[in-house]
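To start, the structure itself, in structure tokens.
What follows is calculated from the coordinates using simple rules that are stated; it is not laboratory data. Bear in mind the structure is a predicted one, so any value in this text is a computation, not a measurement.
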Amino acid sequence: MGAWAFSVFTAQGVSEVNAGAWLSTYWGTFTLGRVLSIGVAQVLSTTTLLRGAMISVIGGALLFVWSPSPEVGLAGVVLIGLFTAPSFRHSSPTLEIAWGTAMLLTRLVFRWQQRA
């Protein structure tokens, strides 16, 4: 989001001070999302949590892109920040498993090719 959201907000007529403050909400909700996801992860499976978060991020991105008013764009930024955070925190173990599987398959393919 970074400087890009700031540029979009200022292009929509938001003052630089407000655009900077609005962009700060992204980082604030990102932090809040990381904290809240710890509790939510106790109730939901990692897969369910990540699916819900990614659907919410897509919704936030659509709001941000559509943005009939700067306030709607801000709502999109808040959703993106809040729901991007859990994906980093909770996808790591899932990615490690996927990475391990991919590496195992790669090794098997290379061994098979060397024998051929």
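Extension gain, ALA61 to ASN18, is 13.5 nm, computed as 0.36 nm per intervening residue step minus the present C-alpha separation.
Annotation: average projected area of segment 1-66 is 4.7 square nanometres, based on the convex hull of Cα atoms across all directions.
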